[in-house]
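Read through the structure below, which is laid out as structure tokens, and then see the notes.
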Amino acid sequence: MKQLNTHIEINAAASKVWKILTDFDSYPQWNPFIRFVRGEVKKGARLEVQLQPPGGNPMTFRPTVLVAEPERELRWLGRLLLPGIFDGEHCFQIESRDRDRIRFIHSEVFSGLLVPFLANSLDTKTKSGFEKMNQALKARAES
């Protein structure tokens with residue numbers, strides 16, 4: 001198992017950050033890491049997601065939404081081929097600091113047979129993608 005954790009402080013209300021995060025149609029305009037998402041923000045929904053880590057190739061997968069709690073958390077579980085090969089539980093959390101300030105936590109827990117072979121890429125390219133997305137979300141929410 002491998003875990004990536006990133007976070008950023010954003011000077012915006014939780015409602016504004018949630019609206020940007022769940023407006024999947026606008027992702028191509030601002031999100032440098034998750035290039036597109038199709039589907040509903042609803043527990044049990046199946047999404048189509050395309051990621052492109054910096055310096056990496058695009059990867060499309062179909063995760064299932066595990067949690068969709070407005071203004072608090074969006075979490076999905078994606079798999080490569082079959083369970084146990086390469087699974088990723090991707091999580092976005094919004095922690096309110098005050099009325100117009102939040103902490104955005106962007107994390108993922110990876111498990112499966114391929115994780116040891118991909119650990120270096122996860123620590124570099126994937127983590128960099130998380131951080132670039134966090135910065136882009138902050139810029140969009142604070143503008």
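The values are calculated or read from the model by the stated rules, or taken from the named source; none is laboratory data. This one's a predicted model, so the numbers in the text were calculated from it and none came from an experiment. Cβ: placed from backbone, ideal geometry, glycine included. Neighbour counts: every protein chain shown. These area figures cover heavy atoms from the full protein model, side chains too; ligands, DNA and RNA do not enter into them. Shrake-Rupley method; radii C 1.70, N 1.55, O 1.52, S 1.80 Å.
Inspect region 101-112 for any residue being among the charged types (D, E, K, R), buried (at least 19 other Cβ atoms within 10 Å of the Cβ) and either modelled with pLDDT under 95 or within 23 Å of Pro28 (Cα to Cα) (or both) and give the result as yes or no. Checked against the condition, which is being among the charged types (D, E, K, R), buried (at least 19 other Cβ atoms within 10 Å of the Cβ) and either modelled with pLDDT under 95 or within 23 Å of Pro28 (Cα to Cα) (or both), region 101-112 yields at least one hit. If you go through region 6-28 one residue at a time, how many are in contact with a strand residue (DSSP E or B) (Cβ under 8 Å, 6 or more places away or on another chain) and of a type in the set (Asp, Glu)? Residues in region 6-28 being in contact with a strand residue (DSSP E or B) (Cβ under 8 Å, 6 or more places away or on another chain) and of a type in the set (Asp, Glu): 1 in total.
So which of Gly88, Gly78, Gly44, Gly56 is open to solvent by less than 70 Å² (accessible area, probe 1.4 Å) and at positive phi?
Gly44
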